[in-house]
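Down below is the structure, laid out as structure tokens.
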Amino acid sequence: GDSVTQTEGQVTVSESKSLIINCTYSTTSIAYPNLFWYVRYPGEGLQLLLKVITAGQKGSSRGFEATYNKETTSFHLQKASVQESDSAVYYCALGNSGGSNAKLTFGKGTKLSVKS
Amino acid sequence: GGIITQTPKFLIGQEGQKLTLKCQQNFNHDTMYWYRQDSGKGLRLIYYSITENDLQKGDLSEGYDASREKKSSFSLTVTSAQKNEMAVFLCASRRDSSYEQYFGPGTRLTVL
């Protein structure tokens, strides 16, 4: 089956410091899955932060970046300088295809708290 | 733009009770999903549907039924609520030509 492992629990970072949330994946359903980061801000619904569907490519959004590394099967989320407004729960996800039967497999989520 | 609405926002039931959660989307998306989110366990797929009247089981379908009578709506029924089922249930939809799933705000289930 497919699985996603990400930095567990809560991460606390001081404002303007750098952030990395680790994500590694394992898949038996597809050679090169699609990879996603979703985010849930306090009081809001889950929304897509960034996606990469081609191995070796980098995705970016709102100052966050993630590179699809097929050698290490990783998709770590990074930001050079976090802000208080980045406090949220972040989920790494793996997609098995782009067709009508596409499914996502999620990691357990990482809660980011940014302190001023 | 569009929106996904889930009703009710909070659902309280008794152990053994049959409970129904509803989801509506106005994106005109083809595929819809139901996920269960337990604290510290991420999202797990219960059912999905690729078109009206289609149903596909996910990893966690036992104890649940689903119904897709219209393209815009997707219902989930907990056939016999159990205390260990307290969780947030998320509905999502996706256009077939896109990889992105759009999520609703969730229904929080409490079983007494």
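Values as computed for the structure displayed
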| read-out | value |
| --- | --- |
| Relative contact order for the range A:32-116, counting Cα pairs under 8 Å that sit 6 or more residues apart, in percent | 28 percent |
| Number of partner chain Cβ atoms within 10 Å, mean per residue of B:95-108 | 4 |
| Long-range amide H partners of A:LEU49 with built H, under 5 Å | A:TRP37, A:TYR38, A:VAL39 |
| Stretchable slack from A:THR5 to A:GLU65, in nm (0.36 nm times residue separation minus alpha-carbon distance) | 19.8 nm |
| Candidates A:ILE30, A:ILE53, A:ILE20, ranked by Gaussian network fluctuation over chain A, Cα under 10 Å, top entry | A:ILE30 |
| Residue-averaged beta-carbon neighbours from other chains (10 angstrom radius) around B:41-51 | 4 |
| Threshold 20 Å² - residues in the range A:74-116 whose accessible area is reduced by that much or more when the chain is no longer isolated, probe 1.4 Å | A:TYR91, A:GLY98, A:SER100, A:ASN101, A:ALA102, A:LYS103, A:LEU104, A:PHE106, A:LYS108 |
| Sulfur and carbon atoms: percent of accessible area, chain A [1.4 Å] | 44 percent |
| For chain B: accessible area per residue (Å², 1.4 Å) | 49 Å² |
| The range B:58-95 residues near the modelled B:THR51 label - backbone nitrogen below 16 Å, point 7 Å along Cα→Cβ | B:68-73, B:94-95 |
| For A:VAL11, distant residues with modelled amide H under 5 Å away | A:LYS111, A:LEU112, A:SER113 |
| Under the Karplus curve 6.51 cos²θ - 1.76 cosθ + 1.60, θ = phi - 60°, whole-Hz ³J(HN,Hα) for the range B:29-41, x wherever Gly or Pro sits | 6, 7, 9, 10, 9, 10, 10, 10, 10, 9, 4, x, 10 |
| Surface accessible to a 1.4 Å probe, per residue, for the residues of chain A, Å² | 46 Å² |
| Spin-label pair A:SER14/B:LEU112, simplified geometry with 7 Å Cα→Cβ offset, distance in nm | 4.9 nm |
| 3J(HN,Hα) from dihedral phi, the range B:49-56, Karplus parametrisation 6.51/-1.76/1.60, rounded to Hz, x for glycine, proline | 9, 8, 6, 3, 6, 9, 9, 10 |
| Amide N proximity, the range A:1-22 versus A:GLU84 label position 7 Å along Cα-to-Cβ, cut-off under 11 Å | A:15 |
| Derived scalar couplings ³J(HN,Hα) [the range A:58-71; Karplus, 6.51 cos²θ - 1.76 cosθ + 1.60; whole Hz; x for Gly, Pro] | 10, x, 8, 6, 6, x, 8, 9, 8, 10, 7, 10, 6, 5 |
| Accessible surface of chain B, 1.4 Å probe, proportion on carbon and sulfur as whole % | 45 percent |
| Area buried, chain B against chain A - accessible surface, total, 1.4 angstrom probe, square angstrom | 1700 Å² |
| 1.4 Å probe, heavy atoms, protein only - residues of the range A:33-53 losing at least 30 Å² accessible area vs chain alone | A:TYR38, A:LEU46, A:LEU48, A:ILE53 |
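The values are calculated or read from the model by the stated rules, or taken from the named source; none is laboratory data. It should be emphasised that the depicted structure is a prediction, and the values quoted were computed from it without experimental measurement. Note: ideal-geometry Cβ built from the backbone for every residue, glycine included; neighbour counts use all protein chains shown. Areas reflect the complete protein model, heavy atoms only, side chains present, ligands, DNA and RNA absent. Shrake-Rupley method; radii C 1.70, N 1.55, O 1.52, S 1.80 Å.
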